[in-house]
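The values are calculated or read from the model by the stated rules, or taken from the named source; none is laboratory data. The structure displayed is predicted, hence computed values, not measured ones. Because the Cβ atoms are built from the backbone with ideal geometry, glycine has one as well, and the counts that use them run over all protein chains shown.
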Amino acid sequence: MSTLQAFDSSKVSFYEKSVANGESALLLLQEQKGVEYLTLHLGKKTFPIECFSTEHSVLIPVSYYTKESALHPKLFYKEHGVEKFEVLTLLVHDGAYEKEEIHVSSKKVNPQEKKVQKRIAAEYKEAMQLYATLTPHNYITKPFILPIESKITSAFGKARVYNNTLKGYHSGTDFRAKVGSKVLAANDGVVVLVKERFYSGGTVLLDHGKGVYTCYFHLSAFHVKEGEKVQRGQVIGLSGESGRITGPHLHFSARINAVQVNPLQLINIINKNFFKESVQ
């Protein structure tokens, strides 16, 4: 009489057992006979099982505001038709991000006009609704590229001090770019927003599927429209100096399931694990 094979926890592992706040964790899932992986739950969020090539995985964003701690996501699966879950452990360490002082127009730091405040709130709500939309299709079938080949002028995670007032942290990576430089789609996806916004200026948001989004800010011109499917390397706009800035540059950022993450660390773990490449 044959015995049914039991769930093997050794076939479920994190690419890195510890990640910094603001980074993305990658859970790798090996095939198991009689096991169907379903979803992963962490707090109130549910994360889908990704499939890059023949490998299953889950991308887990860790908020910048997460303190040094141990997180315990639950992996739900079916074992021979019976739904079960496995409690995992993911360690979060302090990213030790630096501080950065920036001087801009006071109107861009703490605007008092009711009309402007209403605009900012509406733009934030619109963007968060988009980021929270989980498209079932995965458009990521090739490695990510950088949106522009240029020097990085400000890395992700630096605490931002605007005009001597702490205003959060740098939510993306800034690239040096004179006005009019071509900005490329970092990977295949669908354009979900093309808009002039108060803080981010000329903005394009791309949905890469499964909750992964990339964002391109401070543009001077748009070369795409909302709803358009784009290919990796396609010109989506031109860099500029719109929005809250100290000079012309491209701000590149990323989100997973609405959580802001380090864009370069995210695309590096995807490229290294599934396409055997890396982004410099």
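Some points to look at:
- Members of the range 62-94 found to be among the polar types (S, T, N, Q), within 17 Å of VAL259 (Cβ to Cβ) and not in a strand (DSSP E or B), listed by number: SER63, THR66
- Residue match in the range 253-270 (condition: surrounded by fewer than 24 Cβ atoms within 10 Å (Cβ to Cβ), free of Cβ contacts under 8 Å to residues at least 24 places away in the same chain and farther than 24 Å from GLU16 by Cα): no
- Residue count for the range 199-217, restricted to those that are over 18 Å from the mean Cα position of the chain (by Cα) and either at pLDDT 95 or above or within 17 Å of ILE270 (Cα to Cα) (or both): 2
- Screening the range 39-61 for residues that are at pLDDT 90 or above and not in a strand (DSSP E or B) and picking the one that is nearest to ALA96 (Cα to Cα) gives GLY43.
- Set side by side, the residues ASN262, ASN273, ASN268, ASN257 differ, and just one is farther than 29 Å from GLU101 by Cβ, polar (S, T, N, Q) and either at pLDDT 95 or above or touching a strand residue (DSSP E or B) at 6+ places or on another chain (Cβ under 6 Å) (or both), which is ASN257.
- Residue count, the range 15-38 (criterion: farther than 27 Å from TYR169 by Cα and assigned to a strand (DSSP E or B)): 6
- Where a residue in the range 29-56 is farther than 15 Å from LYS84 by Cβ and its partner, wherever it lies, is assigned to a strand (DSSP E or B) and at pLDDT below 90, with Cβ under 8 Å and at least six apart: HIS56/GLU50
- Total residues in the range 54-68 satisfying the condition of being farther than 25 Å from PHE275 by Cβ and loosely packed, with under 12 Cβ neighbours inside 10 Å: the figure is 2.
- TYR77 being modelled with pLDDT of 85 or more and touching a Gly at 6+ places or on another chain (Cβ under 6 Å): no
- In the range 238-280, the qualifying residues are those that are among the small types (Gly, Ala, Ser), in a loop (DSSP other than H, G, I, E, B) and in the same structural domain as LYS158 (by TED's automatic domain parsing), and the one that is nearest to ARG176 (Cα to Cα) is GLY247.
- Note on the range 139-157: residues that are surrounded by 17 or more Cβ atoms within 10 Å (Cβ to Cβ), out of contact with any Pro (no Cβ under 8 Å at 6 or more places or on another chain) and not hydroxyl-bearing (Ser, Thr, Tyr) total 8.
- Number of residues in the range 213-237 that are under 20 Å from VAL179 (Cα atoms) and not aromatic (Phe, Trp, Tyr) equals 12.
- Search result, residues across the range 86-120 that are loosely packed, with under 15 Cβ neighbours inside 10 Å, small (Gly, Ala, Ser) and at pLDDT 90 or above: ALA96
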